[in-house]
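Below is one structure; the comments refer to it alone.
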């Protein structure tokens, strides 16, 4: 098979896979927030679903550009014409997906507003179900408060550890500076000692020379 033809077939396969995945993400966005239970069960947030859908659209755009570059290189005019027709179809599908994504987000917002309204009505209503719901919310609020308290405690502990490390680092730095001063003093002492030794030797030599000069003078 011609390399260009093979590359086109590969692009078609990748397009079909990316298109199906993007459609699934958009459908998930459309159904997002229909009820509190479904929202809690969902492993993806609305923001993440939108990110996945946008990634899919970007991949489709990339494949469209790839086919646009490959089409003129196809070996026969019929294949070129077929690829160009496919490009038009892909462009239309991409535009439809973008419109679907926009509508899906509008629907998701409407779903969340409706679910929030139903939740408020349930909480304000009477009966055993409302009592259980309020109790669950209080439990969740308590758990959230406890989690925040633990987080704050961990933050304070971390801050204390950082301060201790900084204090130890400062102590080590002071120790290093003191060690440097002592080494410098030791070096200077050795230098002075060497100078004193040379001076003493010079004086001894001068004294001996003076004695010799006196003896010779007599």
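Quick notes
- Number of the exception - residue 75 against (1) part of a helix (DSSP H, G or I); (2) exposed (fewer than 15 other Cβ atoms within 10 Å of the Cβ): (1)
- Put simply, of 106, 123 the only residue that is in contact with a helix residue (DSSP H, G or I) (Cβ under 7 Å, 6 or more places away or on another chain), modelled with pLDDT of 65 or more and either part of a helix (DSSP H, G or I) or surrounded by fewer than 11 Cβ atoms within 10 Å (Cβ to Cβ) (or both) is 123.
- Against the numbered list (1) over 37 Å from the mean Cα position of the chain (by Cα); (2) modelled with pLDDT under 95; (3) surrounded by 15 or more Cβ atoms within 10 Å (Cβ to Cβ), residue 86 comes up short only at (2).
- Reported count of residues in segment 69-82, each being within 40 Å of the chain's Cα centre (by Cα) and touching a residue at least 12 places away in the same chain (Cβ under 8 Å), is 2.
- The set of residues in segment 89-103 being over 20 Å from residue 49 (Cα atoms), touching a helix residue (DSSP H, G or I) at 6+ places or on another chain (Cβ under 8 Å) and surrounded by fewer than 17 Cβ atoms within 10 Å (Cβ to Cβ) consists of 91 alone.
- Condition check for residue 58: free of Cβ contacts under 8 Å to residues at least 60 places away in the same chain and not in a helix (DSSP H, G or I): no
The values are calculated or read from the model by the stated rules, or taken from the named source; none is laboratory data. Just so it is clear, the model here is predicted, and its values are computed rather than measured. Don't worry about glycine lacking a Cβ; one is built from the backbone with ideal geometry, like all the others, and counts go over all protein chains shown.
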